[in-house]
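First comes the structure, then the notes that go with it.
Derivation of every value follows stated rules applied to the coordinates shown; laboratory data play no part. Predicted model only: the values in this text are computed from it and were never measured. With ideal geometry, Cβ positions are generated from the backbone for all residues, glycine too; neighbour counts draw on all protein chains shown.
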Amino acid sequence: MSHHLVVARDLRYRYPDGTSALDGITFRIVHRESVGIVGANGAGKSTLLLHLNGTLLPASGEVRIGEELLTANRIPDVRRRVGMIFQDPDDQLFMPTLADDVAFGPLNMGLPPEEVKGRVAAALERVGLSGLEARPPHRLSSGEKRRAALATVLAMNPDLLVLDEPSAGLDPHARRQLIGLLRAFTHTKIVATHDLDLVLDLCERTIVLDHGTVRADGKTPEIFADEALLASCRLEKPLSMQGCPVCGA
């Protein structure tokens, strides 16, 4: 089996107040798949993603990354392999300079300084931020912060990317830049978002969540063509699949 395999089996989780967030989630994602996780607010998307890097551990059921069961003692290894991009990039950018942020992960892996320096330069070049190494993160634009957060993860050389609402708050140009960067990452990608057009652009497969359960799992164009399914899950077709509001074409 591929070491990039991601498996969830009967995954269940409740918030401390007893609210059920995940109620028997099961799926299998293999190397090089690009998978969209969609659903209305409260469907369980972000909670699911937090189980894929050990931020949360299941109340019952299991998550496997590669052949390894994700348990508390396996979290450091899993986080080296699973690159998590949080919804708010400020959650990942906390050092005095951009270079410091990108170097943080590799340094904590115990890599030698020269290798860290090379990884920082390569990651920043890959996301188009070369030359901004000394820039404080708070002086970056929203689009630059998204790319900077991606660079902090790419410097770790992860096996797979997990992204929570990666296009939130981006203008059209920054959104197109982000899509281009994500297309260039050829390993496994898991993208949770309300931006169904982004999923249509990036993901050949889509999993639909509804109240903590999997309502559908299949090819993205087929999922998004099922208007009854989308409506029952409080979703709408991507704008690019909707007719013209003026002429109906």
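How much FRET efficiency would the formula 1/(1 + (r/R0)^6) give for R9 and M109, where r is the Cβ-Cβ distance and R0 is 22 Å, rounded to 0.05?
After rounding, the FRET efficiency stands at 0.15.
Mind running the shape call on region 168-246? Use the C-alpha gyration tensor, a ≥ b ≥ c as the square roots of the eigenvalues: rounded below 1.5 for a/c, prolate if a/b tops b/c, oblate otherwise.
Oblate is the answer for region 168-246, as a/c is 1.5 or above yet b/c matches or exceeds a/b.
For every helix of n ≥ 4 consecutive DSSP H residues, a contribution of -39,500 (n - 2.57) applies; sum these over the chain, divide by its total residues, and give [θ] at 222 nm rounded to the nearest 500 deg cm²/dmol. Show your work: numbers first, answer last.
Details: 9 runs with 84 residues, N = 249.
Theoretical 222 nm ellipticity from helices: -9500 deg cm²/dmol.
With springs only between Cα atoms under 10 Å apart, run a GNM on the chain and tell me which of E62, E114, E125 wobbles the most.
Of the options given, E114 has the highest mean-square fluctuation.
D77 to D226: FRET efficiency via 1/(1 + (r/R0)^6), r the Cβ-Cβ distance, R0 45 Å, to the nearest 0.05?
After rounding to 0.05, the efficiency reads 0.70.
Among T188, T55, which comes first, second and so on when ranked by fewest other beta-carbon atoms within 10 Å?
T55, T188
Sort out for me the Cα centre separation of region 115-134 from region 1-77, rounded to whole Å.
Centre-to-centre (Cα) distance: 31 Å.
In vacuo Debye scattering of region 84-149, one point per C-alpha: log10 I(q)/I(0) at q = 0.11, 0.22 Å⁻¹?
Debye intensities relative to I(0), on a log10 scale: -0.22, -0.89.
Arrange L107, L69 by Cβ neighbour counts within 10 Å, fewest through most, would you? Write down the numbers at each step before the final one.
Details: L107 17, L69 11.
Going from least to most buried by this count: L69, L107.
If you add up the charges near S46, with Lys and Arg at +1 and Asp and Glu at -1, over every other residue whose beta carbon is less than 13 angstrom from its beta carbon, what do you get?
-3
Which one, P89, L150, G169, is farthest towards the positive end of the dipole of region 6-236 when Lys and Arg carry +1 and Asp and Glu -1 on their Cβ?
So the residue we want is L150.
In debye, nearest 20, what is the charge dipole magnitude of region 6-236 about its Cα centre with +1 on Lys and Arg Cβ and -1 on Asp and Glu Cβ, if you could check?
360
Treat every Asp and Glu Cβ in region 178-230 as -1 and every Lys and Arg Cβ as +1, leave all other atoms uncharged, and give the resulting dipole magnitude about the Cα centre to the nearest 20 debye.
Charge dipole, region 178-230, about its Cα centre: 260 debye, nearest 20.
Cα convex hull of the chain: mean projected area in nm², to one decimal?
So the mean shadow area of the Cα hull is 14.6 nm².
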